[in-house]
C-alpha cells in the first residue's frame, strides 16, 4: 500500500500570516513574495482580483485605514494543497475618520507549493456601512 505524505501545513499557515501582515501595511510588493503567479482573489461582493496591489486599492477606497486582529488560523492539510482559514476582526477608520473595531472577517486561502493560489474574503463591512447609513433592515 502506498503511503501518502502530507505537506507542511504549519509552513503554509506561516506563509498566509506573512502575506496578511504585509498586506496590512499595506506593502503589496512584499505580499507578492507569498503568492503564485496564477493567484485568484475573490473579495466581498464577488470582486475579482489577481494581485495584492488591487486589494490594497480597493481597501484604500473603503477605509481610511484598516488592520486585522488575527485571532486564529484553522489549517486543513492535504497531499497537494493546504487550506488555511484566518479568522478574526477588522479595526480601523472609515473614510470620514470614524473609528471601528470588532468587524468580523474570515479569509480562506489555498496554498500549493508554498505559495498562495487562491484567497476568498468575507467580512461584516457592508453590514456595518448599511447600519451607518440607516439601512439596518
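Just rank 58, 19, fewest to most, by other beta-carbon atoms within 10 angstrom.
Numbers: 58 17, 19 25.
Listing 58, 19 from fewest to most nearby Cβ atoms yields 58, 19.
With equal scatterers on the alpha carbons only and no solvent term, can you work out the Debye log10 of I(q)/I(0) for segment 1-102 at 0.20, 0.23 1/Å?
Here log10 of I(q) over I(0) equals -1.14, -1.39.
Between segment 1-77 and segment 83-99, what is the C-alpha centre distance in whole Å?
14 Å
Just from its helices, what would the mean residue ellipticity at 222 nm be for the chain, if runs of 4 or more DSSP H residues each count -39500 (n - 2.57) and the sum is divided by every residue, rounded to the nearest 500 deg cm²/dmol?
-8500 deg cm²/dmol
If packing is taken as the mean number of other Cβ atoms within 10 Å per residue, what is the order of 77-85, 46-54, highest first?
Peptide ranking by packing, descending: 77-85, 46-54.
Measure nothing fancy, just the Cα-based angle from helix 52-62's long axis to the longest principal axis of the chain, in degrees from 0 to 90, nearest 10.
Between the helix axis and the principal axis of the chain, the angle is about 20 degrees.
Just so you know, all these numbers are worked out from the coordinates, no wet-lab data involved. This structure is a prediction, so every number in the text was calculated from the model and none was measured. Glycine gets a Cβ as well: all are built from the backbone with ideal geometry, and neighbour counts include every protein chain shown.
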